[in-house]
Every structure is written in C-alpha cells, then in structure tokens.
Amino acid sequence: MAAIPARAGATATASGSLPRSTGRRRRNAVVVAAATGTGPAVPQEGALERPAWSGETPLSRLVGALIAFKPLYSLMKLASREVIIRTAEKSNIPWREMTKKVLESDVYEVFERIRDPNLVYPNYYLSPFHAYDEGNLSWLAAAEAEPATMSIAKRAIPEATSIEEANQIVRGNWLNAIEEHHLKYSGNCQINDILDIGCSVGVSTRYLAEKFPSAQAVGLDLSPYFLAVAAQREEKLSRQNPIRWVHANGEATGLPSDSFDLVSLAYVHEQ
C-alpha cells in the first residue's frame, strides 16, 4: 500500500506504487489512506502459508521444470483453466455465459473508439500473464475479467452466502476506508473528480461512481480490450455523470497534475 499525493481534499487507496504523473502542487495537498484502515499505513506481512510447491524445495523445482517444458505447460494451463472455471460455476458464477455475452457483443466497435494507437506498452505488459498468451492484451482476458473478479471475491469471503454478499464485503471495506479517511482529513472538501488507475473492466470504477454519484469518474488502464468491455457496459447504464475511460499508462497518464480529488490504485499488481 502506498500514499498518493493528489489535489487538496483528496482521498486515495492504493495497493501498488504511486504514478509519477499525479504530482503535488499545494502544501495541504497530501493525504494518506489505506485499503484496510485510515491514517498512514504501516505495511504488515500477512500470516499466509506458503504453498508446498513454492520456494526452493524439491517439489518447487519439479514444478518449475514441468512449466519450462512448453508442450506440457500448455496442457497444464488448459487443465488449470478448466478447474478454475468449473470451481467458479459451482459458486453460481456464470463464467462461460458472461464470457460469451461479451465476445458476442458490439464491444469491438467500442475498442476502435477507445484505443490509443500511439501508446507504447512497457515490455512486461507484452508477456503472457494469467495463463493468457497475450496477457491483458486479448479479448478472452477482457471477457473473463469480471467473472474472475467475482470468483476471487467469493474465495476471499468463503462464509458469504452469495457472490453479491462477497462483493459487497470486499468492495465495501475498501469504500469504507476511503470514506472514513476523507471525513477525518478532508471532510470539508467535496469530491468532484475521481481517477481510478488500473481500472481493468471498470468494476472498481463503477463502485466509486456509485459511492460518489455527483463526481466525474475516470477509469484508466493499459489494456484497450479491458477498457472496451468497461465502456460497452457503461453505455447501457443510466448515470448522472457517465464514467470516462482513458487508454494510458498509469506511470505517465498524460492527465493534468493536481486535477483529481480522489485517486485510487486498487487491486493492481504487475509481473
């Protein structure tokens, strides 16, 4: 988690590093929030159990050797994907149905409108990722992003009685942290402009827009495929202030410094 400098009155959450372009201008422009509470965050190591196949163990070396053998890795990847999908569907997540709906929609037309053809991708972003050969630069990754997010929420909150309840708990804790920090440190300032960096298919951006309906929310991501899915869904909604989607690098957004009251970098990770 990291602090995010932003416009006076800003509130922010983060799970990654600060984009250089957010900048700071005024003496009272810096606030700090964490997705797990209020005030300056003290990083803590979670009590997670290391899987038996990780680290420097005979089993981990065997797994590494199997993955390095490309033909076998391809079979392992297909098998693991099938397990993930079946597990999600057992939790009442209509993975294949949701994916098909996206792939058979008019999302491809939205893609052409939203993509910045001049954007240069970082090398890491051009590598295979999450078992997708094209990483996040593929339609399948974009179409499966939302059911995958739902599945992660259910795994994080196994005691939840439904996917909706799991999502409300996961996202609710995050939104509550934002609100608590804002009231404590910036309560006299209204949130008018929101930037969601690494917005993926817009799940987090929609939550922010619903939490602060009078604000103008902007979702920014490196993947035009993800943004096309986000924008295509947004077009079907009736919102007071429709979300704007920006195809850009979070490390160099091209957006004016000191132009947002809330900057969020949530559930983002890199390779």
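Please treat every number below as a calculation from the coordinates, not as lab data. The model shown is predicted, which means the values in this text are computed figures rather than measured ones. So basically every Cβ, Gly included, is an ideal-geometry build from the backbone, and we count neighbours across all protein chains shown.
Between Lys184 and Arg239, what length comes free when the chain is fully extended (0.36 nm per residue of separation minus the Cα-Cα distance, one decimal in nm)? Please list the in-between numbers first.
Numbers: separation 55, 0.36 × 55 = 19.80 nm, distance 2.84 nm.
Full extension from Lys184 to Arg239 adds 17.0 nm.
What lysines could a cross-link reach from Lys154, if we take a straight Cα to Cα line under 20 Å and drop same-chain neighbours fewer than 8 places away?
Straight-line reach from Lys154, under 20 Å: Lys90.
How long is the gain from Ala68 to Asp106 if the chain were fully straight, where each residue apart is worth 0.36 nm and the alpha carbon distance is subtracted? Write out the running numbers ahead of the final one.
Numbers: separation 38, 0.36 × 38 = 13.68 nm, distance 3.81 nm.
Gain on extension, Ala68 to Asp106, equals 9.9 nm.
Estimate the FRET efficiency between Tyr121 and Glu164 by the formula 1/(1 + (r/R0)^6), using the beta-carbon distance for r and 25 Å for R0, to the nearest 0.05. Kindly include the intermediate steps, with their values, before the conclusion.
Working: r = 35 Å, r/R0 = 1.39.
Plugging the Cβ-Cβ distance into 1/(1 + (r/R0)^6) gives 0.10.
Extending each Cα 7 Å along its Cβ direction at Glu251 and Leu78, get the distance between those two points in nm, one decimal.
Distance between label points: 3.6 nm.
So how long is each side of the stretch 76-181 along the principal axes, counting just the alpha-carbon atoms, biggest first, in Å?
The Cα atoms of the stretch 76-181 stretch 43, 41, 29 Å along their principal axes.
Could you pull out every residue, at least 5 positions away or on a different chain, whose amide H is within less than 5 Å of the one on Val246? Hs are placed 1.01 Å off N in the peptide plane, and Pro or chain starts have none.
Those qualifying (amide H under 5 Å, at least 5 residues apart or on another chain) are Gly219, Leu220, Asp221.
I need the GluC sites (Glu not before Pro) found in the stretch 169-253, filtered to DSSP loop residues with at most 13 other beta carbons within 10 Å of theirs. Mind dumping the intermediate values first?
Details: sites: Glu179, Glu180, Glu210, Glu234, Glu235, Glu251; in loops: Glu235, Glu251.
Here the GluC sites (Glu not before Pro) that fit, given the DSSP loop and packing criteria, are Glu235, Glu251.
Note the direction-averaged projected area, equal to a quarter of the hull surface, for the Cα convex hull of the stretch 75-118, in nm². It would help to have the intermediate numbers written out before the result.
On the way: hull surface 19.2 nm².
Result: 4.8 nm².
Any lysines with Cα under 20 Å of the Lys184 Cα? List them, leaving off those in the same chain fewer than 8 positions away.
Partners found: Lys211.
Contact order normalised by length for the stretch 124-208, with contacts defined as Cα pairs under 8 Å and 6 or more residues apart; what percent is it? Could you put the intermediate results ahead of the total?
Working: 48 pairs, mean separation 16.0, N = 85.
Worked out over the stretch 124-208, it gives 19 percent.
Go ahead and run the numbers for FRET between Glu134 and Thr57, Cβ-Cβ distance against an R0 of 30 Å, rounding to 0.05.
Numbers: r = 32 Å, r/R0 = 1.06.
Once the sixth-power term is evaluated, E becomes 0.40.
Beyond 22 Å, what share of the Cα-Cα pairs of the stretch 129-251 remains, rounded to the nearest whole percent?
Numbers: 3104 of 7503 pairs.
Roughly 41 percent, once rounded to a whole number.
Could you tell me whether the stretch 103-154 comes out rounded, prolate or oblate from its Cα gyration tensor? Rule is a ≥ b ≥ c as square roots of the eigenvalues, rounded for a/c under 1.5, then prolate if a/b exceeds b/c, otherwise oblate.
oblate
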